[in-house]
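Asks: Next up is a structure, given as structure tokens.
The values are calculated or read from the model by the stated rules, or taken from the named source; none is laboratory data. On a predicted model such as this, the values are computed, not experimentally measured, just so you know. Note that we place each Cβ from the backbone using ideal geometry, even for glycine, and neighbour counts take in every protein chain shown.
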Amino acid sequence: MCHQYRYRQLQAPPVVAGEPGGPTAAVNLVFSPVSIYAALALLAAGAHGGTLQELPDALGGDSRDNLSAFARRAAERALADRSRSGGPAVAFACGASHDTAWALLPAFRDAAAASYNAEAHAVDFSNEPEKAVGEINGCWAAATNKHIDSILDPSSVNTLTSLVLSCAIHFRGRWEAQFAKAHTVVDKFHSLDGSTADVPFMCSVRSQYIAIRNGHKVLNLPYRSPAPAPRKGSSSESNVGDDPAPKYSMCIFLPDERDGLPGLIEKMSSGPGFWHYRLPTLQVPVGDFRLPKFKLSASGSVRQVLRNGMGINSVFVAGEADLADKAAKRDEDAAGTPLYVADICHKAVLEVNEGGTVAIGATEVSRAIIFVGRVLDPSISG
């Protein structure tokens, strides 16, 4: 449903070329498919006509109702905070910030609240865009307990901005079997261009969930799972487990060849089934097991990717975007540009260490991929 194979469209080039004949620099990557999906599904909740049709076509759904149902299911299952029951701590927030000259229509406001727990509030883009950015960032900081302190920068809006839709996720999970910090060692990491970097590797001698596939290996590192939830409407211990909690894990795909990443990405992008049916289910002894620590971060516009790679076009064009179900001018006689989306910005941060992961996870219940990353050089934190 979530079109995980769009990774090929969202990925940056594997290397950034320098001067002719010169060295190349590795480019790491991280993004959140669920976050992007949720923002676009929220946009679809207020779209109409051709604009509405483009969104389900790109996201793999056949209707606005199906998009909303998937987003609601992901919010209830994959993106629910499980910290009190022993599972990952998850902060997920979604919202619509509109200029004071516009009023959100009740149908859109109700749909956004029901499917995404999205909050809507008015800000003064027309007269004080920088102040509006501060107010929006303040809302995100409050919604995520200050784990995400900002989602917009002042350059992303101006006095013509009328609406900002945004979603944010913060994930913190502990490994089911944590790595001992005393066992972490510095070793060589081999890059695509043949160079090496000295980086810290987490080490273990425990058996691991690893599968050997054609041309690559897959590692599945499970997070500590929350306690089973009792069946709704009953406090009886005999009903514990009737509502199984999501199981979260981090999966790492490693090509056999040092230059095998582009080919592996092509396989991963061939269809959504690749991600789910090649995961290991049995633990195997691996002896000296090493996994690099890393931190990735990325932010910026995804508008061109959505337009060129996924066919979402009309919503970005003034006069073509049909968002009639979303908002209306408070003053019907006031002139101005019809509602459209100027840009869609995305921000993601991922950190993996001995204790677990900050901001990455996947659940076998909804099969929603929360974060995707590519590590070409762990010594680079961006």
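Asks: Could you look through region 319-348, keep only residues that are among the β-branched types (Val, Ile, Thr) and at pLDDT 80 or above, and pick out the one that is farthest from the chain's Cα centre (by Cα)? Give the steps one after another, and end with the answer.
Replies: Within region 319-348, the first condition is being among the β-branched types (Val, Ile, Thr), and the residues that meet it are 337, 341, 344.
Those left that are additionally at pLDDT 80 or above: 341, 344.
On the way: Val341: 20, Ile344: 14 Å.
This residue is Val341.
Asks: Would region 374-381 turn up any residue that is within 24 Å of Val186 (Cα to Cα), part of a loop (DSSP other than H, G, I, E, B), of a type in the set (S, T, N, Q) and modelled with pLDDT under 85?
Replies: So in region 374-381, the residues within 24 Å of Val186 (Cα to Cα) come out as 374-381.
The next check asks that each one be part of a loop (DSSP other than H, G, I, E, B); those that pass are 375-381.
If we keep only those that are of a type in the set (S, T, N, Q) too, we end up with 379, 381.
In the following step, the residues that additionally are modelled with pLDDT under 85 were identified as 381.
Taking every residue of region 374-381 in turn, at least one turns out to be within 24 Å of Val186 (Cα to Cα), part of a loop (DSSP other than H, G, I, E, B), of a type in the set (S, T, N, Q) and modelled with pLDDT under 85.
Asks: Just name the residue that is nearest to Leu376 (Cα to Cα) out of those in region 292-307 that are in contact (Cβ under 8 Å) with a residue 24 or more places away in the chain and not in a strand (DSSP E or B).
Replies: Going residue by residue through region 292-307, those that are in contact (Cβ under 8 Å) with a residue 24 or more places away in the chain are 292-303, 305-306.
Cutting the leftovers down to not in a strand (DSSP E or B) gives us 293, 302-303, 305-306.
Values: Lys293: 12, Val302: 21, Arg303: 25, Val305: 21, Leu306: 24 Å.
Restricting to residues being in contact (Cβ under 8 Å) with a residue 24 or more places away in the chain and not in a strand (DSSP E or B), the top hit is Lys293.
Asks: For region 103-152, give me each residue that is more than 26 Å from Ala75 (Cα to Cα) and charged (D, E, K, R).
Replies: Asp124, Glu128, Glu130, Lys131
Asks: Also, I was wondering about something else. Let me spell it out: the conditions are (1) of a type outside the set (Val, Ile, Thr); (2) assigned to a loop (DSSP other than H, G, I, E, B); (3) at pLDDT 85 or above, and Lys188 meets all of them except one. Which number is the exception?
Replies: (2)
Asks: Among Pro280, Pro262, which is the only one that is part of a helix (DSSP H, G or I), of a type outside the set (A, V, I, L, M, F, W, C) and either in contact (Cβ under 8 Å) with a residue 12 or more places away in the chain or surrounded by fewer than 17 Cβ atoms within 10 Å (Cβ to Cβ) (or both)?
Replies: Working: Pro280 fails: part of a helix (DSSP H, G or I).
Going through Pro280, Pro262 in turn, the sole match is Pro262.
Asks: I've got another one for you. Just to be sure, is Pro292 at pLDDT 85 or above and on the phi < 0 side of the Ramachandran plot? Explain how you work it out, then say what you get.
Replies: Values: at pLDDT 85 or above: yes; on the phi < 0 side of the Ramachandran plot: yes.
So Pro292 passes the test.
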